[in-house]
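Since the structure comes first, as structure tokens, the remarks are kept for the end.
The values are calculated or read from the model by the stated rules, or taken from the named source; none is laboratory data. All values derive from a computational prediction rather than experimental measurement. All Cβ positions, even for glycine, are placed from backbone atoms using ideal geometry, and neighbour counts span all protein chains on display.
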Amino acid sequence: NLATQFSYAVNEKGSRYWLIVAMTLFLLSDFVIFLNMLDITPAHNDFVWATYIPAQALIILFNQNLKHIDNI
């Protein structure tokens, strides 16, 4: 998913570059969860949610066409 999102963002350009930000946030949240699973760091649930929720919102917003098309 990470590679696909980065590739799509770079290929489409413009507002799709926000997907790079989204995937970076998503990667950070997963990395913090992973470190906690290895008992390297304590749980940082606030940080995880502070990165995960905006990441998911950006992925949803910028993976769809933002222009309104009227149905005929």
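The table for this structure:
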| quantity | calculated |
| --- | --- |
| Subset tally (residues that are within 23 Å of PHE47 (Cα to Cα) and either touching a Pro at 6+ places or on another chain (Cβ under 9 Å) or among the aliphatic types (A, V, I, L, M) (or both)) for region 2-29 | 9 |
| Extreme residue, modelled with the lowest pLDDT, among residues of region 25-62 that are polar (S, T, N, Q) and surrounded by 14 or more Cβ atoms within 10 Å (Cβ to Cβ) | ASN36 |
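Let's see how each residue does on (1) under 10 Å from the mean Cα position of the chain (by Cα); (2) on the phi > 0 side of the Ramachandran plot; (3) polar (S, T, N, Q); (4) not in a helix (DSSP H, G or I):
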position: ALA3; (1), (2), (3), (4): no, no, no, no
position: ASN11; (1), (2), (3), (4): no, no, yes, no
position: ARG16; (1), (2), (3), (4): no, no, no, no
position: MET23; (1), (2), (3), (4): yes, no, no, no
position: VAL32; (1), (2), (3), (4): no, no, no, no
position: LEU35; (1), (2), (3), (4): no, no, no, no
position: THR51; (1), (2), (3), (4): yes, no, yes, no
position: ILE59; (1), (2), (3), (4): yes, no, no, no
